[in-house]
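Participant: So that we are looking at the same thing, I have put the structure below in structure tokens.
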Amino acid sequence: MPATVVLGAQWGDEGKGKAIDQLAADSSWAVRFQGGNNAGHTVVYGDTTLKLHQIPSGVSSLHCSMILGDGMVIDPWVLEQELDRWFDISGERPEGKRLFISERASIILPFHRLYDSADKIVGTTGRGIGPAYRDRIERVGIRFADIINIVEDNEELSTIVERMNTQLESVKVESKIELKSLQSDLRWILSRYGECIKPTGLMIDFALKNNENVLLEGAQGAMLDIDQGTYPFVTSSVTCRANATHGAGIHPGHVEQCFGITKAYTTRVGNGPFPSELSLEGGPGMHMAKVGHEFGTTTGRPRRTGWLDLVALKESNRLNGYTGLVLTKLDVLGGLDEIKICIGYEMEGKLLQMIPTTSIELAKCKPIYETHPGFKSLSNKEWISMADRSRKENIGFDVLSSEMHNYIKRIEHLAGVPIVSIGVGPDRSASIASSNGPFDLSNN
């Protein structure tokens with residue numbers, strides 16, 4: 001069976017967790033292929049809202065096995081907290097049974113968090129992701145497969161500690177790493193996760209050859225890609241489709257479908273240029289933030305809000321070749337008199353239809369908008385009733401008002417990608433899918 005990729009199509013925080021949760025119902029495996037606990041996926045599990053950072057969103061589908069893939073950097077302590085929360089909710093301990101960690105994945109250690117705390121420019125989450133990836137590129141990082149070979153080698157550990165402390169001193173971090181502390185940490189990681197550490201690329205390859213459905217789950221979003229995003233205000237990994245199979249340990253020929261997740265508007269966390277940004281002090285920007293509960297799952301920081309940026313979305317599609325878009329949070333726009341779409345930029349008198357390469361140039365860009373009629377605000381109950389009717393009568397998007405439907409069709413036309421599902425609330429059932437499409441929950 002082919003693999004399916006789910007990616008963020010904007011600057012992250014698009015609502016990927018819900019889409020992945022829906023697709024996981026028909027998948028045997030859910031695989032995170034990059035990033036670390038700088039990601040934040042929210043899944044509604046019964047009456048509980050589950051906030052995930054490293055565990056794949058497929059955790060709530062109990063038949064679905066999960067993998068933390070080769071391309072990840074993993075914080076073992078944060079992972080334990082997530083697993084404990086999952087146990088409190090479900091009573092399940094999936095470690096080594098349906099949750100596996102790639103032996104090739106890198107480990108985030110206290111050193112990495114300390115080093116990351118020195119950042120004052122990019123606005124990182126401070127969780128050690130960038131420094132862990134840097135160590136991997138420099139070929140000095142510790143992978144899960146490496147622990148058993150170095151944990152009792154005091155000479156090797158001394159070399160590692162010396163390097164760590166030299167680097168901390170270089171960025172004026174006063175804390176120091178002690179050999180015994182590092183050794184204790186590595187012993188604990190090996191003891192805690194020994195049963196989970198596996199050659200997961202081989203496991204995924206075998207599953208695909210066995211005709212099982214595999215879901216490849218991305219973190220962050222296309223515009224935060226280290227190579228293709230709004231550098232330097234990006235994350236530290238390749239977030240795009242090209243890395244989905246590589247970060248999982250399989251070849252790209254396995255992928256048949258790639259879904260991009262985008263909000264009906266745009267948000268961004270942290271620093272960096274954001275052409276369609278609106279004020280959070282009032283008006284539509286405050287409306288989006290308030291109604292959309294726009295606070296980062298990982299950081300808790302308020303998200304910057306703005307109108308939907310089609311320049312960025314088309315760039316995202318160029319990089320990923322989406323077979324379908326999932327439009328989330330359409331309900332948030334309810335109650336606005338008018339809705340705008342950014343269809344281009346103006347920079348120093350020039351009209352641009354693509355994102356400039358440098359953030360300095362992007363910061364000079366002013367949005368060019370087209371305006372559409374708004375639609376009335378509905379309660380969560382009314383949105384879910386609309387979604388239920390769509391499924392029951394198998395009418396897809398025809399359940400939407402003309403204003404909503406025209407907005408959706410315009411996005412499809414501008415992006416050049418069909419919209420296959422629309423999110424109208426946080427609940428799993430608060431989704432309206434295209435008839436008989438991949439997100440159609442009529443038979444679930």
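The values are calculated or read from the model by the stated rules, or taken from the named source; none is laboratory data. None of the values given here were measured: they were computed from a predicted structure. All Cβ positions, even for glycine, are placed from backbone atoms using ideal geometry, and neighbour counts span all protein chains on display. Surface areas here come from the heavy atoms of the whole protein model, side chains and all, with no ligands, DNA or RNA. Shrake-Rupley method; radii C 1.70, N 1.55, O 1.52, S 1.80 Å.
Participant: Restricting to the stretch 132-160, name every residue that is touching a residue at least 24 places away in the same chain (Cβ under 8 Å), open to solvent by less than 20 Å² (accessible area, probe 1.4 Å) and not aromatic (Phe, Trp, Tyr).
Facilitator: Of everything in the stretch 132-160, those that are touching a residue at least 24 places away in the same chain (Cβ under 8 Å), open to solvent by less than 20 Å² (accessible area, probe 1.4 Å) and not aromatic (Phe, Trp, Tyr) turn out to be Ala132, Asp135, Ile142, Ile147, Val151, Leu157.
Participant: Here is a list: Ile67, Ile89. Which entry is in contact (Cβ under 8 Å) with a residue 24 or more places away in the chain, more than 19 Å from Leu182 (Cβ to Cβ) and open to solvent by 10 Å² or more (accessible area, probe 1.4 Å)? Explain how you work it out, then say what you get.
Facilitator: Working: Ile67 fails: open to solvent by 10 Å² or more (accessible area, probe 1.4 Å).
None of the other options fit; the residue is Ile89.
Participant: Identify all residues within the stretch 413-429 that are surrounded by 15 or more Cβ atoms within 10 Å (Cβ to Cβ) and modelled with pLDDT of 95 or more; write none if there are none.
Facilitator: Residues satisfying the conditions are Leu414, Ala415, Val417, Ile419, Val420, Ser421, Ile422, Gly423, Val424.
Participant: Starting from residues that are open to solvent by 10 Å² or more (accessible area, probe 1.4 Å) and more than 20 Å from Gly272 (Cβ to Cβ), keep the ones in the stretch 2-15 and report whichever is farthest from the chain's Cα centre (by Cα).
Facilitator: Checking each candidate, the answer is Pro2.
Participant: Same structure again: Quick check on Thr262: is it within 17 Å of the chain's Cα centre (by Cα) and crowded, with 24+ Cβ neighbours inside 10 Å?
Facilitator: yes
Participant: Any residue at all in the stretch 269-291 that's touching a helix residue (DSSP H, G or I) at 6+ places or on another chain (Cβ under 7 Å) and of a type in the set (Asp, Glu)?
Facilitator: no
Participant: From the list Arg113, Arg127, exactly one residue is under 16 Å from Gly36 (Cα atoms) and in contact (Cβ under 8 Å) with a residue 40 or more places away in the chain. Which is it? Show your work before the answer.
Facilitator: Values: Arg113 fails: in contact (Cβ under 8 Å) with a residue 40 or more places away in the chain.
So the residue among Arg113, Arg127 that is under 16 Å from Gly36 (Cα atoms) and in contact (Cβ under 8 Å) with a residue 40 or more places away in the chain is Arg127.
Participant: Kindly provide the set of residues from the stretch 89-117 that are of a type in the set (A, V, I, L, M, F, W, C) and in contact with a strand residue (DSSP E or B) (Cβ under 8 Å, 6 or more places away or on another chain), ordered by number. Let's see the steps before the verdict.
Facilitator: First, the residues of the stretch 89-117 that are of a type in the set (A, V, I, L, M, F, W, C): 89, 99-101, 105, 107-109, 111, 114.
Scanning the stretch 89-117 gives Ile89, Leu99, Phe100, Ile101, Ala105, Ile107, Ile108.
Participant: Of everything in the stretch 233-253, what is in a helix (DSSP H, G or I), more than 30 Å from Ile360 (Cβ to Cβ) and open to solvent by 10 Å² or more (accessible area, probe 1.4 Å)? Give them in sequence order.
Facilitator: Residues of the stretch 233-253 in a helix (DSSP H, G or I): 242-246, 252-253.
So of that shortlist, the ones also more than 30 Å from Ile360 (Cβ to Cβ) come out as 244-246, 252-253.
Correct list: His246, Pro252, Gly253.
Participant: Does Leu414 satisfy being under 30 Å from Pro232 (Cα atoms), out of contact with any helix residue (DSSP H, G or I) (no Cβ under 7 Å at 6 or more places or on another chain) and of a type outside the set (Ser, Thr, Tyr)?
Facilitator: no
Participant: While we're on this one: Could you tell me which numbered condition Thr230 fails, if it satisfies all but one of (1) over 30 Å from Trp29 (Cα atoms); (2) part of a loop (DSSP other than H, G, I, E, B); (3) open to solvent by 60 Å² or more (accessible area, probe 1.4 Å)?
Facilitator: Only one criterion is unmet by Thr230, namely (3).
Participant: Let me ask something else about it. Answer yes or no as to whether Thr48 is under 22 Å from Gly126 (Cβ atoms) and surrounded by fewer than 24 Cβ atoms within 10 Å (Cβ to Cβ).
Facilitator: Numbers: under 22 Å from Gly126 (Cβ atoms): no; surrounded by fewer than 24 Cβ atoms within 10 Å (Cβ to Cβ): yes.
Taking the combined requirement at face value, the residue does not satisfy it.
Participant: Tell me the residue from Glu174, Glu169, Glu152 that is part of a loop (DSSP other than H, G, I, E, B) and closer than 30 Å to Gly272 by Cα, please.
Facilitator: Working: Glu169 fails: part of a loop (DSSP other than H, G, I, E, B); Glu152 fails: closer than 30 Å to Gly272 by Cα.
Matching residue, one of Glu174, Glu169, Glu152: Glu174.
Participant: Only one residue in Arg187, Arg163 is open to solvent by less than 70 Å² (accessible area, probe 1.4 Å) and either within 30 Å of Pro252 (Cβ to Cβ) or in a helix (DSSP H, G or I) (or both). Which one?
Facilitator: Working: Arg187 fails: open to solvent by less than 70 Å² (accessible area, probe 1.4 Å).
None of the other options fit; the residue is Arg163.
Participant: Could I ask something else about it? Could you tell me whether the stretch 383-393 includes any residue that is in contact with a Gly (Cβ under 8 Å, 6 or more places away or on another chain), closer than 23 Å to Asp337 by Cβ, in a helix (DSSP H, G or I) and open to solvent by 50 Å² or more (accessible area, probe 1.4 Å)?
Facilitator: No.
Participant: What about Glu403, is it outside any loop (DSSP other than H, G, I, E, B), under 21 Å from Gly283 (Cβ atoms) and at pLDDT 95 or above?
Facilitator: On the way: outside any loop (DSSP other than H, G, I, E, B): yes; under 21 Å from Gly283 (Cβ atoms): yes; at pLDDT 95 or above: yes.
Taking the combined requirement at face value, the residue satisfies it.
Participant: Closer than 19 Å to Thr239 by Cα, of a type in the set (Ser, Thr, Tyr) and at pLDDT 95 or above: is that true of Ser102 in this structure?
Facilitator: yes
Participant: Moving on to the next point. Quick check: is even one residue across the stretch 223-241 small (Gly, Ala, Ser) and under 24 Å from Pro438 (Cβ atoms)?
Facilitator: no
Participant: Listed residues Pro56, Pro94, Pro76, Pro110; which is modelled with pLDDT under 95 and not β-branched (Val, Ile, Thr)? Write out each step before concluding.
Facilitator: Details: Pro94 fails: modelled with pLDDT under 95; Pro76 fails: modelled with pLDDT under 95; Pro110 fails: modelled with pLDDT under 95.
Testing whether each residue is modelled with pLDDT under 95 and not β-branched (Val, Ile, Thr) leaves just Pro56.
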